[in-house]
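Colleague: The structure that follows is given in the form of structure tokens.
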Ligand SMILES: Cc1ncc(C[n+]2csc(CCOP(=O)(O)OP(=O)(O)O)c2C)c(N)n1
Ligand SMILES: [Mg+2]
């Protein structure tokens, strides 16, 4: 354990400041797994990445291009969501800007049978799991109560209650164990569960309880913490003293810090963790070291609590730029290819924009649907009362 990655305890007596943080928050330390540096150069063997190199052996030119395609299309979906909110079409949008590689690396490592439990910012994971982005927009437009059938793509509904999905994921993973879908050796059957949260989520009771349960149950779950350095306006120093990847050991399973802006490293590390889970070796915690480039949501103004220099420092670590540089340097994609991809992104944006604008407003009584799996007399009575109450206005 190196000292430089251990955060300092907060000094509550210090006045609020807009000065840069005392330590370099762009440096993930020597234990961080990286395969592609900020300049798009491949990183040679290091102590940290050695154990993961074999998980990238099948990553050829096609795979690299398709990873870049996912990163770019996900960024385009995100910017369209932001624009739609600004134009009054959505109530809210939480941007994933800067976290594309963390999410695409993780999402692409998953097999169809693996189940994801997201927070509310995991648009990139949703994309990789095959969820139509239109469904995400529907939720933030407020025209449905979740947005999609979780079991269609094994991508659970967004969870706004911070850290809560860690418990859902762990419980689901314990169910997977009871179904005998762990350690059977059948690659189409063995299943892992992924739980996504943020740096702020690690301070929640639910998160810590889930990690204890997962450890003692030896559950097939991978906890994926996107450390984007901010929990709304609260920095890492307010969430933990020991970073999340080092805390995993205290719960009883391995933790690894990965460069979350490096899609290759994230892919490799997540593949390894999922394989461990599927084969019955228990949980892993992955801390993706990344940065929230935008506001917390469209309701937030980060200029009130963080300095521009910090954002600029992270801009130089952009996850798309570095893979684009690699593709160009290794002659795997030319300008024409990038132009065609931009056109595909524009088409995608136009499709989801139109679909969003045309979403019908649901009948109000729809909110009583899907509360329980089976019909419930209390919910039915409440729905009838609600419908009768609304009908009374029409009569008046
Ligand atoms: C239990 C709970 N407490 C507080 C909130 C309000 N809240 C919404 S997002 C957020 C910060 C979460 O930060 P982090 O886990 O780092 O995720 P990020 O938004 O950075 O992706 C908070 C406190 C909430 N949604 N749920
Ligand atoms: Mg955060």
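The values are calculated or read from the model by the stated rules, or taken from the named source; none is laboratory data. Given the structure is predicted, the values throughout are model-derived calculations rather than measurements. Because the Cβ atoms are built from the backbone with ideal geometry, glycine has one as well, and the counts that use them run over all protein chains shown.
Colleague: Pick out the one residue from 341, 332 that is surrounded by 12 or more Cβ atoms within 10 Å (Cβ to Cβ), at pLDDT 95 or above and part of a helix (DSSP H, G or I).
Modeller: Just one listed residue meets the conditions, 341.
Conditions tested, residue by residue: (1) touching a helix residue (DSSP H, G or I) at 6+ places or on another chain (Cβ under 7 Å); (2) within 19 Å of residue 316 (Cα to Cα).
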residue	(1), (2)
54	no, no
57	no, no
62	no, no
69	yes, no
74	yes, no
93	yes, no
98	yes, yes
102	yes, yes
105	yes, no
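Colleague: Residues that are within 16 Å of ligand 1 (Cβ to nearest atom) and more than 26 Å from residue 317 (Cβ to Cβ): which helices (runs of 4 or more DSSP H) entirely in segment 135-242 hold 3 or more of them?
Modeller: Output list reads 164-178, 205-217.
Conditions tested, residue by residue: (1) crowded, with 17+ Cβ neighbours inside 10 Å; (2) within 16 Å of ligand 2 (Cβ to nearest atom).
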| site | (1), (2) |
| --- | --- |
| 183 | no, no |
| 190 | yes, no |
| 196 | yes, yes |
| 208 | no, no |
| 213 | yes, no |
| 217 | no, no |
| 222 | yes, no |
| 235 | yes, yes |
| 243 | yes, yes |
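Colleague: Same structure again: Quick one: in segment 282-329, which of the residues that are part of a loop (DSSP other than H, G, I, E, B) and in contact with a helix residue (DSSP H, G or I) (Cβ under 6 Å, 6 or more places away or on another chain) is farthest from residue 93 (Cα to Cα)?
Modeller: Taking the candidates together, the pick is 283.
Colleague: I would also like to ask the following. Looking at 351, 322, which is the one that is in the same structural domain as residue 30 (by TED's automatic domain parsing), touching a strand residue (DSSP E or B) at 6+ places or on another chain (Cβ under 6 Å) and surrounded by 14 or more Cβ atoms within 10 Å (Cβ to Cβ)?
Modeller: 322
Colleague: Which one of the conditions (1) at pLDDT below 95; (2) within 14 Å of ligand 1 (Cβ to nearest atom) does residue 125 fail to meet, given that it meets all the rest?
Modeller: (1)
Colleague: May I pose another question? Which residue is surrounded by the most Cβ atoms within 10 Å (Cβ to Cβ), if the candidates are limited to segment 354-365 and must be modelled with pLDDT under 95 and part of a helix (DSSP H, G or I)?
Modeller: 365
Colleague: When you scan segment 12-52, how many residues do you find that are at pLDDT 95 or above, farther than 24 Å from residue 329 by Cα and out of contact with any helix residue (DSSP H, G or I) (no Cβ under 6 Å at 6 or more places or on another chain)?
Modeller: 7
Colleague: Here is a follow-up. Give segment 62-115 a look and list any residue that's outside any helix (DSSP H, G or I) and within 15 Å of ligand 1 (Cβ to nearest atom), or say none.
Modeller: Hits for segment 62-115 are 91, 92, 93, 94, 95, 96, 97, 98, 99.
Colleague: Another one. Could you check residue 177 against (1) out of contact with any helix residue (DSSP H, G or I) (no Cβ under 6 Å at 6 or more places or on another chain); (2) touching a residue at least 60 places away in the same chain (Cβ under 8 Å); (3) more than 16 Å from ligand 2 (Cβ to nearest atom) and say which number it fails?
Modeller: The one condition residue 177 does not meet is (2).
Residue by residue, here is whether (1) under 26 Å from residue 140 (Cα atoms); (2) surrounded by 17 or more Cβ atoms within 10 Å (Cβ to Cβ) holds:
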{"position": "27", "(1), (2)": "no, no"}
{"position": "34", "(1), (2)": "no, yes"}
{"position": "51", "(1), (2)": "no, no"}
{"position": "83", "(1), (2)": "yes, no"}
{"position": "106", "(1), (2)": "yes, yes"}
